[in-house]
Amino acid sequence: MPETQDALWYKNAVFYQVHVRAFYDSNGDGVGDFQGLAQKLDYLRDLGINAIWLMPFFPSPLRDDGYDIADYRSVHPLYGTLQDFKNFLAAAHERQLRVVMEMVLNHTSDQHAWFQESRSSRDNPRRNWYVWSETDTPYRSARIIFIDTEMSNWAWDPISKEHYWHRFFSHQPDLNYDNPAVREEMWDVMKFWLDMGVDGFRLDAVPYLIEREGTSCENLPETHIVIKELRAKLDREYPGRMLLAEANQWPADLRPYFGTGDEFHMAFHFPLMPRMFMGLKLEDRKPITEILTQTPEIPASCQWGLFLRNHDELTLEMVTDMERDYMYDSYARDKTMRLNLGIRRRLAPLLEHDRRRIELMNGMLMSLPGTPIIYYGDEIGMGDNVNLGDRNGVRTPMQWNGGWNGGFSNADPESLYSPLIQNPVYGYQAVNVLSQKRSEHSLLSWMQHMISLRRSTPLFGSGSIEFLYPKNHRVLAYVRQQGDQAILVVNNLSSSAQAVELDLRRYKGKILIEMFGGNLFPRIGDLPYLLTMGPYQFYWFKLRRI
Ligand code: NOJ
């Protein structure tokens with residue numbers, strides 16, 4: 001475990017989300033592995049992040065990239081052995097990097113031994129581990145999530161001749177959390193990894209654990225009971241470890257996942273993310289201020305997980321129909337870029353390779369209330385490949401250098417798990433770690449600088465936020481405050497230069513210190529504080545009385 005025993009470590013962390021298969025292939029078989037990831041830990045330490053979120057690495061038929069787990073207590077042979085994982089974990093901890101791993105509680109693969117048993121006959125002792133029904137009519141009010149693939153949340157099992165319940169792909173049967181044996185087994189699985197020393201879990205798909213007739217089968221009180229049970233055990237037996245919720249819900253439905261500080265430590269802020277993109281396109285702060293003012297307070301020990309992109313489509317579930325149309329129109333004109341209710345693109349292409357917009361969005365990511373999570377490759381501005389199916393276009397190999405396979409693998413290019421990005425704008429010859437390391441002005445160097453500034457400013461992780469509402473609505477301005485420390489953040493969401501007058505009278509007498517260069521700006525007086533800003537420019541100022 002990293003040196004600091006601080007139980008609230010996740011509040012001032014910067015996370016890096018990575019898929020072991022995509023990072024570095026140490027044995028030349030075309031697939032990234034734990035030995036490879038371990039070799040790249042110095043890169044992550046130098047980037048300045050201090051927590052890694054690992055996507056699922058368990059044995060799996062890989063029909064949902066590992067979110068279809070066939071054995072919870074082992075490592076997929078393509079990624080290495082359990083010993084390789086342990087070595088990786090020790091090497092990460094040596095570098096003060098925490099490791100949060102994926103835990104898919106809601107469903108398994110249909111290849112999991114439990115499901116094989118469960119479907120083998122209606123009186124099998126494990127029958128009740130999954131959700132079975134003679135008809136496909138129950139729970140009609142539950143929505144379908146993978147609307148591009150699935151027609152129903154029920155699938156017919158020809159072996160035992162009943163239907164089974166699945167919220168995602170039909171090859172991912174849902175476990176039955178009404179069954180205490182399932183709850184116990186899953187805690188046992190979690191203990192297996194906690195005993196090895198992992199620092200926490202991202203719990204996948206938590207809203208869907210329990211089903212009840214006549215409801216949406218999401219966010220049910222019984223689901224919260226399951227979570228509280230897990231959390232109590234975690235606190236009792238493994239203090240200092242962390243649970244992060246994947247609950248793609250509206251703020252009011254998300255809030256209960258923190259409970260009174262007795263459910264999740266962290267939850268992704270799903271509704272904020274598309275609104276950052278929306279605000280940028282509209283050149284208007286409203287989508288962002290609106291959602292954040294609607295976001296309820298959370299207990300002091302809890303934290304929002306903020307992100308711009310991840311391994312899935314940019315989900316547009318938590319927006320209105322009109323907002324979704326606007327997002328599609330603005331960011332996914334080409335219909336191949338759309339998937340389910342979302343957009344399957346990476347950050348840099350979404351922002352049209354515009355360094356200023358990439359910086360602005362990352363600046364907001366790091367200064368809004370929460371813990372920033374960076375998706376691998378976005379720190380160098382990697383591109384995507386919409387020709388690959390499903391969400392695979394945003395999961396291509398990491399681009400380390402301009403050489404063979406972008407430095408990802410020694411294998412023949414045709415045996416890689418996925419082709420690299422090779423186009424002239426985002427291809428590995430143009431966008432890679434090695435070349436960006438050589439330039440102080442590269443995106444990578446800039447990200448490194450930002451991350452270090454973010455980590456040395458814990459106020460961003462735990463301070464309050466208050467929005468200023470200057471007349472110029474193209475400018476998003478807020479004051480982050482904790483104790484007697486205050487930071488003013490001003491973002492120009494517009495593609496053209498803007499002047500803004502801020503009402504800072506509450507801070508009269510203080511001066512502004514610009515945090516990137518350390519330069520002093522004029523003292524705040526009685527008049528509105530005037531700032532001029534270039535296109536997509538942003539400022540972070542410390543407010544000091546000197
Ligand atoms: C959410 C994960 O982020 C996604 O990648 C996966 O397909 C579904 N859960 C199903 O596990």
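Evaluation of V100 against the conditions (1) more than 16 Å from the ligand (Cβ to nearest atom); (2) part of a strand (DSSP E or B); (3) not small (G, A, S) shows that the sole unmet condition is (1).
Among the residues of the range 495-528, the one identified as touching an Asp or Glu at 6+ places or on another chain (Cβ under 7 Å) and in a strand (DSSP E or B) is F521. All conditions in (1) within 19 Å of the chain's Cα centre (by Cα); (2) part of a loop (DSSP other than H, G, I, E, B); (3) charged (D, E, K, R) hold for D6, with the sole exception of (1). Test R356 against the stated conditions and say whether it is within 24 Å of R21 (Cα to Cα) and modelled with pLDDT of 95 or more. Answer is no for this residue.
Cβ separations smaller than 6 Å between residues 6+ apart or across chains give no pair from the range 265-284 residues that are at pLDDT below 95 to residues that are in a helix (DSSP H, G or I). Among residues of the range 200-214 that are aliphatic (A, V, I, L, M), those with a beta-carbon under 6 Å from a residue that is open to solvent by less than 10 Å² (accessible area, probe 1.4 Å) and within 13 Å of the ligand (Cβ to nearest atom) at least six positions away or on a different chain give the pairs L203/M103; L203/L105; L203/A245; A205/N106; V206/A245; V206/A247; L209/N106.
Of the helices (runs of 4 or more DSSP H) lying entirely inside the range 234-299, not one carries at least 1 residues that are more than 16 Å from the ligand (Cβ to nearest atom), surrounded by fewer than 22 Cβ atoms within 10 Å (Cβ to Cβ) and not assigned by TED's automatic domain parsing to the domain that holds I52. Of the set (1) of a type in the set (A, V, I, L, M, F, W, C); (2) within 26 Å of the chain's Cα centre (by Cα); (3) not assigned by TED's automatic domain parsing to the domain that holds T260, all apply to I227 but (3).
The residue that is farthest from the ligand (Cβ to nearest atom), counting only those in the range 112-123 that are loosely packed, with under 15 Cβ neighbours inside 10 Å and assigned to a loop (DSSP other than H, G, I, E, B), is D123. Scanning the range 144-168 for residues that are in a loop (DSSP other than H, G, I, E, B) and within 16 Å of the ligand (Cβ to nearest atom) gives I144, I145, F146, I147, D148, T149, E150, N153, H166, R167, F168. When the range 80-111 is filtered for residues that are surrounded by fewer than 17 Cβ atoms within 10 Å (Cβ to Cβ) and of a type in the set (S, T, N, Q), the ones remaining, listed by number, are T81, Q83, N87, Q96, Q111. Taking residues in the range 336-360 that are of a type in the set (D, E), and partners anywhere that are open to solvent by 20 Å² or more (accessible area, probe 1.4 Å) and part of a helix (DSSP H, G or I), the pairs with Cβ atoms closer than 8 Å and at least 6 places apart or on different chains are E359/W446. Only residues that are charged (D, E, K, R), in contact (Cβ under 8 Å) with a residue 60 or more places away in the chain and over 17 Å from H19 (Cβ atoms) were counted across the range 378-425, and they come to 1.
Can you find even one residue in the range 237-248 that is over 20 Å from the mean Cα position of the chain (by Cα) and closer than 18 Å to F268 by Cβ? Within the range 237-248 (the criterion being over 20 Å from the mean Cα position of the chain (by Cα) and closer than 18 Å to F268 by Cβ), the answer is no, since none of the residues qualifies. Of all residues in the range 44-70, those being open to solvent by 30 Å² or more (accessible area, probe 1.4 Å) and either assigned to a strand (DSSP E or B) or away from the ligand (no atom under 16 Å from the Cβ) (or both) number 2.
Is the range 305-319 home to any residue that is open to solvent by 10 Å² or more (accessible area, probe 1.4 Å) and away from the ligand (no atom under 16 Å from the Cβ)? Within the range 305-319, not a single residue is open to solvent by 10 Å² or more (accessible area, probe 1.4 Å) and away from the ligand (no atom under 16 Å from the Cβ).
Kindly indicate whether S494 is open to solvent by 10 Å² or more (accessible area, probe 1.4 Å) and polar (S, T, N, Q). No; evaluated as a whole, the condition is false for this residue. Of all residues in the range 71-95, exactly one satisfies the criterion of being within 16 Å of the ligand (Cβ to nearest atom) and either free of Cβ contacts under 8 Å to residues at least 24 places away in the same chain or not assigned by TED's automatic domain parsing to the domain that holds G32 (or both), namely H76.
Among the residues that make up the range 338-351, is at least one of them assigned to a helix (DSSP H, G or I) and farther than 14 Å from L308 by Cβ? No, every residue in the range 338-351 fails to be assigned to a helix (DSSP H, G or I) and farther than 14 Å from L308 by Cβ. Within the group R391, R333, which residue is of a type outside the set (S, T, N, Q) and within 16 Å of the ligand (Cβ to nearest atom)? So the residue among R391, R333 that is of a type outside the set (S, T, N, Q) and within 16 Å of the ligand (Cβ to nearest atom) is R391.
The values are calculated or read from the model by the stated rules, or taken from the named source; none is laboratory data. Model, not experiment: these values are computed from the prediction. For neighbour counting, all protein chains shown are included, and Cβ atoms are generated from backbone atoms with ideal geometry for every residue, glycine included. Heads up: the accessible areas ignore ligands, DNA and RNA and are worked out on the full protein's heavy atoms, side chains in. Shrake-Rupley method; radii C 1.70, N 1.55, O 1.52, S 1.80 Å.
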